[in-house]
Amino acid sequence: MKLFAIPENIHPATPQYGAYTFIYSFSLILGVTLSYFTFYNFFITQMYLLAYIELFVLVLTLWMAVDLRISHNVERSSWLFVIMVVIFLWLFAFVSNKPYYSLIWTAFGSIAVFFLMGHKKGLMVTLVYLGVLFAIILSMTPVELPMRSTINIIAGLIVLTVATYYYELSRHAVSTAYEKALQEQRDYSQKLERLSTTDKLTQLYNRFKIDELLAKEFARAQRYKSTFSLILVDIDYFKNINDTQGHQVGDEVLVEFAHLLKASLRKSDSVGRWGGEEFLIIAPQTDTDHATQLAQNLREAILLNDFPQGNAPTASFGVSTFHERDTLITLLTRADRALYAAKNSGRNCVKNEEELD
């Protein structure tokens, strides 16, 4: 039945799933039970006060079940259910002490509270519930409730409460262990994803990931008739840094260069290590003029940056923009040609596809 369908985002092994199922199941049970007793007490026993209380709780139960189905707010519904049940059982004990064996229904209170509130909150709420309930029971005269029956009822409720508490404590331990294992699995999956998509040295996207993003952006531009630009970046004379100062210093320069690129780009842009000292920037919804200006801003930021070991590298930039008849190969080829044009023009400059011969 779709009315009682549990949302897919609530996992069966979590306490929320148990609470959701509990509230729905007992809402159905209470609905049927209260409907019967409302009719019985109103028309048969003519205990009108109890009948009105049962009718009121019946309406609250139905409203709560509908609210849970719509909002999926398990915590709020749990509190509403507990408050409703506790108050109802207090009133029930107060007005229905003849015959006194009907007090057996009050045992349900501790079970509901612990199951829905957990062992910590459940213990505090249950102590309040039992305290008021015991006061009501002890206030009954011996004729209404003999002392031996009073002791048996109170002792039974205490034993049931202790047993329910330890059951809920063990259930909490299992749930906590499951949540911990699930979180470790999520962390491990995220770590694997980072390792598979991130360049180890620069912490930018690796070639595999930037290729994937490029293919998605290309498909989006084709489908929606939009545009985007590519910026190929190459550090000028980077080999000299490796040859004269060592690969350790070269790696430090690469890391700083990558950090500068990432910090200077827009949130919508993507940058990855294309290979060696070469980087690729994907700039969505960006035409040639704006992409060229973006590259110029990056070039100037590089000139103003303090690099490790007093190095002051420059960079060359090649810009190409997606056109309707493009393929990935033609788009990348134009960016590569623009980059080589920048290098042939003395480096430390920006060239776009419109400046190619």
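The values are calculated or read from the model by the stated rules, or taken from the named source; none is laboratory data. Everything numeric here is computed off the predicted structure, so don't read it as measured data. Reconstructed Cβ throughout: ideal geometry from the backbone, glycine too, with neighbour counts over all protein chains shown.
If the Cβ limit is 7 Å and pairs must be 6+ apart or interchain, which residue in region 160-184 that is assigned by TED's automatic domain parsing to the domain that holds Ala107 pairs with which residue that is surrounded by fewer than 15 Cβ atoms within 10 Å (Cβ to Cβ)?
Partner pairs satisfying both residue conditions: Tyr178/Ala13.
Please verify whether Arg347 is in contact (Cβ under 8 Å) with a residue 60 or more places away in the chain and in a loop (DSSP other than H, G, I, E, B), treating the condition exactly as stated.
Here the answer is yes, as Arg347 does meet what is asked.
For Lys120, state whether it is more than 26 Å from Leu28 (Cα to Cα), basic (Lys, Arg) and modelled with pLDDT of 85 or more.
The answer is yes for Lys120.
Can you tell me how many residues in region 321-346 are closer than 12 Å to Val233 by Cα and crowded, with 22+ Cβ neighbours inside 10 Å?
Looking only at that region, the number is 4.
Where residues in region 211-257 are within 15 Å of Gln309 (Cα to Cα) and without any contact (Cβ under 8 Å) to a residue 12 or more places away in the chain, which of them is surrounded by the most Cβ atoms within 10 Å (Cβ to Cβ)?
Asn242
Looking at Phe94, Phe39, which one is modelled with pLDDT of 85 or more and either within 14 Å of Phe26 (Cβ to Cβ) or surrounded by fewer than 21 Cβ atoms within 10 Å (Cβ to Cβ) (or both)?
On inspection, the qualifying residue turns out to be Phe39.
Could you tell me which residue of region 185-210 is nearest to Ser270 (Cα to Cα), considering only residues that are in contact (Cβ under 8 Å) with a residue 40 or more places away in the chain and assigned to a helix (DSSP H, G or I)?
Among residues in region 185-210 that are in contact (Cβ under 8 Å) with a residue 40 or more places away in the chain and assigned to a helix (DSSP H, G or I), the one nearest to Ser270 (Cα to Cα) is Ile210.
Residues to consider are Leu204, Leu213; find the one that is of a type in the set (A, V, I, L, M, F, W, C) and touching a Leu at 6+ places or on another chain (Cβ under 8 Å).
Leu204
Being β-branched (Val, Ile, Thr) and within 12 Å of Ala93 (Cβ to Cβ): is that true of Thr106 here?
Yes; evaluated as a whole, the condition is true for this residue.
Which number in (1) modelled with pLDDT of 80 or more; (2) under 30 Å from Ile151 (Cβ atoms); (3) of a type in the set (Val, Ile, Thr) marks the one condition that Thr61 misses?
(2)
Can you go through Arg273, Arg266 and tell me which one is of a type outside the set (Phe, Trp, Tyr), assigned by TED's automatic domain parsing to the domain that holds Leu332 and either within 12 Å of Leu204 (Cβ to Cβ) or in contact (Cβ under 8 Å) with a residue 40 or more places away in the chain (or both)?
Among Arg273, Arg266, only Arg273 is of a type outside the set (Phe, Trp, Tyr), assigned by TED's automatic domain parsing to the domain that holds Leu332 and either within 12 Å of Leu204 (Cβ to Cβ) or in contact (Cβ under 8 Å) with a residue 40 or more places away in the chain (or both).
Out of region 126-135, which residues are touching a residue at least 40 places away in the same chain (Cβ under 8 Å) and either of a type outside the set (A, V, I, L, M, F, W, C) or buried (at least 19 other Cβ atoms within 10 Å of the Cβ) (or both)?
Tyr129, Leu133 - these are the residues of region 126-135 that are touching a residue at least 40 places away in the same chain (Cβ under 8 Å) and either of a type outside the set (A, V, I, L, M, F, W, C) or buried (at least 19 other Cβ atoms within 10 Å of the Cβ) (or both).
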